[in-house]
Amino acid sequence: MLGQEYIGVEPAWFGQPIGSLADVGTAIVADPRFGQCAVQSFAELYYRRNLDSDDFTMLQSHVQEFVDGNLRIKPLVKSILLSDEYRTAEELPDGVQ
């Protein structure tokens, strides 16, 4: 809220006015990019690699699980951990995290 005072900018999320910090969370979840971004972030974490355009189709099933699970993390993680991509991923050498 100090941004308004210091730089003269009203609080907003991509041009949509935001009245409070709680409104920021609501705006993020309502953003159509949120599901894809959250799923990609978690998938990269669990697959231990950067995803590319070849992974788009595989990610869509995880996005659907995330949406069907009311944007909760547990259904998303379950979807990723039960996927063939996760179960067939190469194991990391000892000492590598």
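Numbers at a glance
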read-out	value
Any chance residue 51 is of a type outside the set (S, T, N, Q) and either free of Cβ contacts under 8 Å to residues at least 24 places away in the same chain or open to solvent by 90 Å² or more (accessible area, probe 1.4 Å) (or both)	yes
Tally, over the stretch 4-21, of residues that are open to solvent by 70 Å² or more (accessible area, probe 1.4 Å) and small (Gly, Ala, Ser)	0
Of all residues in the stretch 35-48 being open to solvent by less than 30 Å² (accessible area, probe 1.4 Å) and under 15 Å from residue 84 (Cα atoms), the one that is farthest from the chain's Cα centre (by Cα)	47
Some residue of the stretch 74-95 being out of contact with any helix residue (DSSP H, G or I) (no Cβ under 6 Å at 6 or more places or on another chain) and within 30 Å of residue 12 (Cβ to Cβ)	no
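The values are calculated or read from the model by the stated rules, or taken from the named source; none is laboratory data. Keep in mind it's a predicted model, so treat the numbers as computed, not measured. As a convention, Cβ positions derive from the backbone with ideal geometry for all residues, glycine included, and neighbour counts pool all protein chains shown. For the accessible areas, the whole protein counts, side chains as well, though only heavy atoms, and no ligand, DNA or RNA atoms are used. Shrake-Rupley method; radii C 1.70, N 1.55, O 1.52, S 1.80 Å.
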